[in-house]
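Quick notes on the structure that follows.
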Amino acid sequence: MKIGILTGGGDCPGLNPVIRAVVRTADSRGMEVLGIQYGWKGLVEKIADKLDVRSVSGIIHRGGTILGTSRTNPYKDPKNFEALRVNWKALGLDAVVAVGGEDTLGVAAKLYKDGFKVVGVPKTIDNDLSGTDVTFGFDTAVNIAMEAIDRLHTTAESHRRIMVVEVMGRHAGWIALNSGIAGGADMILIPEVSIKMKEVLGVIKKRVERGKQFSIIVVAEGAKFDGNEVLVEKKLDEFGHVRLGGIGELLAKKIEENTGYETRVAVLGHIQRGGSATAFDRMLGTRFGYHAVHLVEQGKFGQMVALKGNDIVDIPLQTAVGSLKTVDPKFYQMAETFFG
Ligand code: F6P
């Protein structure tokens, strides 16, 4: 049996542990593995190489993905879809393990409907995929953001400044909320909850009254200002997403204008996605990879591995990509207790 493996969408700490686990598990069962490069692009353009135990040696601690990634959508152009179909056959693939987020797994779900043998592994630092308690990469991103917030605390306090920290999270505020609570942020803004400028100013004022002349405001890149997303550019990627960014800058400007306090912004950006994964993410990636090969072995195609409590289960890909897992308002209410 020959399995293909690909990683698509934004990279994420924990991808290499998944690749390693898939290759080593497949090897232990006498299966062959083909590493498809740059996500779905590798199948459209037939860029693939054999992976064996030696090729995945020494990668568990490495960030990024040894296979490379892209945001290619093979359904965008019928010619690309046809090329994928032809190459799938030419490469002799019996099944493909697709490691990705909403877009990559959305393609996997469609391919399954079109008769291809695919299983999915959920990946995203944003943690916004449904059907799994958590995605690997999220824990690493939260820890990086928390460490940054800790560092910004000391400089904010020394200078009596307001620090705005912009973190990733296109549609969901999981990173902002978790790193913000863990880092003791004074206010957290997320895409799911609409907040007015006067509430942000209210928190800063409350702190000043308590003798705290500095504040830390954490904001997710997808949080809205006056009901609108803040964009870097309007151009859409192949999955129809705009590039977000700038909410931190805008917020900092408005805070300074309204309070007279010196305000600075730190945009963490891709630092949250780079570098090696935490032990939790390496472990989750390894468990996901191991179970993905089992799904292939059992012929359970169209399924995605998922974490439920302490168990790895499988759910239909369609369920995972049907809707995004956004922050539960109850969780945000808890966070509000610690604002100010
Ligand atoms: O999907 C994960 C994510 O990290 C989002 O939070 C962010 O908007 C996006 O990727 C940015 O990705 P890139 O700059 O690589 O296109």
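The values are calculated or read from the model by the stated rules, or taken from the named source; none is laboratory data. Keep in mind that what you see is a predicted model, and the values were worked out from it rather than measured. Heads up, the Cβs are rebuilt from the backbone with ideal geometry, glycines too, and the neighbour counts pull from every protein chain shown. These accessible areas exclude ligands, DNA and RNA; they are computed on the full protein's heavy atoms, side chains included. Shrake-Rupley method; radii C 1.70, N 1.55, O 1.52, S 1.80 Å.
The table for this structure:
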{"quantity": "All aspartates and glutamates inside 14 Å of Lys206 as judged from Cα atoms, apart from same-chain residues fewer than 8 positions distant", "calculated": "Asp186, Glu336"}
{"quantity": "Per residue solvent-accessible surface (Å²) - the chain, probe of 1.4 Å", "calculated": "43 Å²"}
{"quantity": "Mean Cβ count within 10 Å, highest first, over the residues of peptides 313-324, 275-286", "calculated": "275-286, 313-324"}
{"quantity": "Mean shadow area of segment 1-96 over all directions, Cα convex hull, nm²", "calculated": "5.6 nm²"}
{"quantity": "Percent carbon-and-sulfur accessible area, segment 1-63, ignoring ligands, DNA and RNA, probe 1.4 Å", "calculated": "40 percent"}
{"quantity": "Hydrodynamic radius of the chain per Kirkwood, over alpha carbon pairs, in Å", "calculated": "20.8 Å"}
{"quantity": "15 Å beta-carbon shell around Thr326, net charge (K/R +1, D/E -1)", "calculated": "-4"}
{"quantity": "Theoretical FRET efficiency, 1/(1+(r/R0)^6), r = Cβ-Cβ of Asp311 and Thr154, R0 56 Å, to 0.05", "calculated": "0.85"}
{"quantity": "Estimated distance in nm for a label pair at Ser323 and Lys253, the labels positioned 7 Å out from Cα along Cα-to-Cβ", "calculated": "3.6 nm"}
{"quantity": "Cα→Cβ-extended label distance, 7 Å offset, between Lys50 and Lys89, nm", "calculated": "2.4 nm"}
{"quantity": "Distance from segment 140-178 to segment 58-134 (C-alpha centre basis), Å", "calculated": "31 Å"}
{"quantity": "Inter-label distance, nm, simple model (7 Å from Cα along the C-beta direction), Tyr75/Leu201", "calculated": "4.6 nm"}
{"quantity": "Cα principal axis extents for segment 165-236, largest first, Å", "calculated": "46, 25, 18"}
{"quantity": "Violating pairs (Cα-Cα greater than 31 angstrom) within the set Lys76/Lys254; Lys46/Lys300; Lys89/Lys123; Lys41/Lys300; Lys110/Lys330; Lys2/Lys79", "calculated": "Lys76/Lys254; Lys110/Lys330"}
{"quantity": "Over the chain, relative contact order from alpha-carbon pairs under 8 Å, at least 6 apart, %", "calculated": "23 percent"}
{"quantity": "Equivalent ellipsoid dimensions for segment 141-274 as semi-axes, Å, which come from the Cα gyration tensor, largest first", "calculated": "24, 17, 12"}
{"quantity": "Equivalent ellipsoid dimensions for segment 190-340 as semi-axes, Å, which come from the Cα gyration tensor, largest first", "calculated": "39, 19, 16"}
{"quantity": "Stretchable slack from Glu209 to His241, in nm (0.36 nm times residue separation minus alpha-carbon distance)", "calculated": "7.3 nm"}
{"quantity": "Two-decimal Rg/Rh across segment 128-171, once Rg and the Kirkwood Rh are taken from alpha-carbon atoms", "calculated": "1.13"}
